[in-house]
Amino acid sequence: EEKGRNEKLLPTTNNGTLVLSNKNLTETDFDEDIKLPLDLQRLDLSRNRLKRLPSQIFSMSSLTSLDISRNALQGFPPEIKHLTNLIELIALSNHLRLRQLPLDELASLHQLKVFDVRYNRKLKQAALQTLQEALLP
């Protein structure tokens, strides 16, 4: 029976947590091979080669923590607003730019307590200030 290589790529989830860090993944891997469990609570995609967030993430409404540090992301799509239970969004060391961050959608994530975008060279201090004002009540 043919299961493709995603069986090898997906470690079993542990208490709703899936760690896929440091696996050299690109968004194409998710388009073609990796099927993420929809009931995940914590997802770690840090230290990969993602240029955009895999779209299937936005169907994971139970997600509370998303770590996408050390990738090549330039921004988030508006669909990020579907992650209504997100408490922690960690996006350290990417290529994020303020104009590619959907502020209204991010601000609509009312559970969000941790939004870490440090070490994004394109986000200058003024941009960080704007983000803080937009996201923190």
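The values are calculated or read from the model by the stated rules, or taken from the named source; none is laboratory data. Given the structure is predicted, the values throughout are model-derived calculations rather than measurements. Counting neighbours? That spans all protein chains shown, and the Cβs are built from the backbone with ideal geometry, glycine included. The accessibility values were calculated without ligands, DNA or RNA, using every heavy atom of the protein model including side chains. Shrake-Rupley method; radii C 1.70, N 1.55, O 1.52, S 1.80 Å.
Of Arg118, Arg99, the order by accessible heavy-atom surface (1.4 Å probe, DNA, RNA and ligands excluded), from most exposed downward, is Arg99, Arg118. Here the gap between Arg52 and Thr26, fully extended at 0.36 nm per residue and compared with their Cα-Cα distance, gives a gain of 8.5 nm. Can you pull the percent of the range 14-104's accessible area that's carbon plus sulfur, 1.4 Å probe, other chains left in place? Carbon-and-sulfur percentage of accessible area, whole number: 42.
Helices in the chain, meaning DSSP H runs of at least 4 residues, each add -39500 (n - 2.57). Divided by all residues, the mean residue ellipticity at 222 nm is -4500 deg cm²/dmol.
When you count the other C-beta atoms within 10 angstrom of each residue and take the mean per peptide, 74-80, 42-48 line up highest first as 42-48, 74-80.
For the chain, the longest principal axis of the Cα atoms and the long axis of helix 125-135 meet at an angle of about 80 degrees.
Please list, in order, the residues from the range 79-96 whose amide nitrogen is less than 16 Å from a point placed 7 Å along the Cα→Cβ vector of Arg118. Counting backbone N atoms under 16 Å from the label point, the list is 89-94.
With N as its number of residues, the range 21-137 has a Cα radius of gyration that, divided by 2.2 N^0.38 Å, comes to 0.99. Rounded to the nearest 5, what % of DSSP beta bridges with both residues in the chain are antiparallel? Here the share of antiparallel DSSP bridges comes out near 10 percent. Using Cβ point charges alone (K and R +1, D and E -1), the dipole size of the chain about the Cα centre works out to roughly 700 debye.
Heavy-atom accessible surface of the chain, averaged per residue, reaches 58 Å², computed with a 1.4 Å probe.
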